[in-house]
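So the structure is just underneath, and the comments pick up after that.
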Amino acid sequence: METVILAVVIAVVVIGALGGLVIGTRRKKPLPKPPPSAPDITAPPAEPHVGDEAETPRDEPRRTIEEVDLPDGSAPVAVEEPPSLEVPEIEVPEPAEGRLVRLRTRLSRSQNALGKGLLALLSREHLDDDTWEEIEDILLTADVGVAPTQELVEGLRERVKVLGTRTPAELRGLLREELLKLVGTDMDRTVRTEPEASKPGIVMVVGVNGTGKTTTTGKLARVLVADGRTVVLGAADTFRAAAADQLQTWGERVGAHTVRGPEAGDPASVAFDAVKEGKEMGSDVVLIDTAGRLHTKTGLMDELGKVKRVVEKQAPLDEVLLVLDATTGQNGLVQARVFAEVVDITGIVLTKLDGTAKGGIVIAVQRELGVPVKLVGLGEGADDLAPFEPEAFVDALIGE
């Protein structure tokens, strides 16, 4: 029994010793260093909360419903209307009949240098060879052309010699008669725009850059509208910047519809669509403005011929008008020859005829192409395009 008790006591002592040893070892182990103090970070502004997380509302003065001014319904509520689109005002063009007569004064101011020079020479007491050479020089300077000049001088010399006319009035009468012979009074100068039962009148306008072709097309639309026609414009000049915009502006002024295509698009397709829409709309006339092609560019001239062929798949052309600058003189004749080879020119439009003394180009270009001058441009005004009238032109050319 005593042995058991002794063993228990020894076990208790051993366990106590081991426990003290473990505790001592733990106390000797160094503690870890404390972490460095964290920097102060400014917290972002707190987002507003709702429900149970909402902050207690602040005490602010609030108005009761009795204190709030409510509309009584007597004042009408203003409703802002959308801005209305501005519709361009339709202009009423000046009647085309007799325009050249009304504009004779303007034409004569710049043209009668030719007539005055000829009359001064013809009024000399002795008409020798030197005088007749001077008369030839004046006519050539006015771009009448060599062959028409020789014809005019020979006719005047014969009549002055035979008739012996010497007074200014008689000389002026002789000069007027000879000029009218050259200008031609028996040529058909009507711009053929009469619609038929199945199609409108179709006019294609051609010419080089800078002759005023697009402007002439717009002015011609005004002439036709003044005569009571309905017009569709085809903007087939797709290569010149803003050409379609320019033509559309002309059309909007008189209420004419404009057919246009994408910039640098196919001009033949635009011309085709213009004729097609003109037929569908029942319009009287379709005017097609083509690109101002340089007459030295063979490929471009071939394309102009393509435009004509494509249009004629819809309907035959009634007119092909060649626009020439009256100030270009003999260079204009070169242009006229090349265009006449590509498309069948049926009439000529002379622009800028009021700014030069070279009115003889009318005679020269008619003699060159065998087609009449049908329209003349006498200024920058919208209604300054006039049907050509030989008598009025010659009277303005030689003065009163």
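The values are calculated or read from the model by the stated rules, or taken from the named source; none is laboratory data. Here the structure is a predicted model, which is why all the values come from computation and not from measurement. Counting neighbours? That spans all protein chains shown, and the Cβs are built from the backbone with ideal geometry, glycine included. Keep in mind that these areas ignore ligands, DNA and RNA; they rest on the heavy atoms of the full protein, side chains included. Shrake-Rupley method; radii C 1.70, N 1.55, O 1.52, S 1.80 Å.
Considering only segment 159-171, I want to know if a residue exists there that is among the hydroxyl-bearing types (Ser, Thr, Tyr) and within 42 Å of the chain's Cα centre (by Cα).
No; the residues of segment 159-171 include none that is among the hydroxyl-bearing types (Ser, Thr, Tyr) and within 42 Å of the chain's Cα centre (by Cα).
As an exercise: evaluate residue 149 against (1) modelled with pLDDT under 80; (2) surrounded by 10 or more Cβ atoms within 10 Å (Cβ to Cβ) and give the number of the one condition it does not meet.
(1)
Output the residues belonging to segment 235-286 that are of a type in the set (Lys, Arg) and either open to solvent by less than 60 Å² (accessible area, probe 1.4 Å) or in a loop (DSSP other than H, G, I, E, B) (or both).
240, 260 - these are the residues of segment 235-286 that are of a type in the set (Lys, Arg) and either open to solvent by less than 60 Å² (accessible area, probe 1.4 Å) or in a loop (DSSP other than H, G, I, E, B) (or both).
If I go through segment 309-352 residue by residue, how many of them are out of contact with any helix residue (DSSP H, G or I) (no Cβ under 7 Å at 6 or more places or on another chain) and under 22 Å from residue 100 (Cβ atoms)?
6
Looking only at segment 81-132, which residues are at pLDDT below 75, outside any loop (DSSP other than H, G, I, E, B) and hydroxyl-bearing (Ser, Thr, Tyr)?
Within segment 81-132, 105, 108, 110 meet the criteria.
I'd like the full set of residues that are within 23 Å of residue 361 (Cβ to Cβ), touching a strand residue (DSSP E or B) at 6+ places or on another chain (Cβ under 9 Å) and among the hydroxyl-bearing types (Ser, Thr, Tyr), limited to segment 171-197.
Of everything in segment 171-197, just one residue is within 23 Å of residue 361 (Cβ to Cβ), touching a strand residue (DSSP E or B) at 6+ places or on another chain (Cβ under 9 Å) and among the hydroxyl-bearing types (Ser, Thr, Tyr), namely 190.
Looking only at residues in segment 334-355 that are in a helix (DSSP H, G or I), open to solvent by 10 Å² or more (accessible area, probe 1.4 Å) and not acidic (Asp, Glu), which one is farthest from residue 140 (Cα to Cα)?
Taking the candidates together, the pick is 342.
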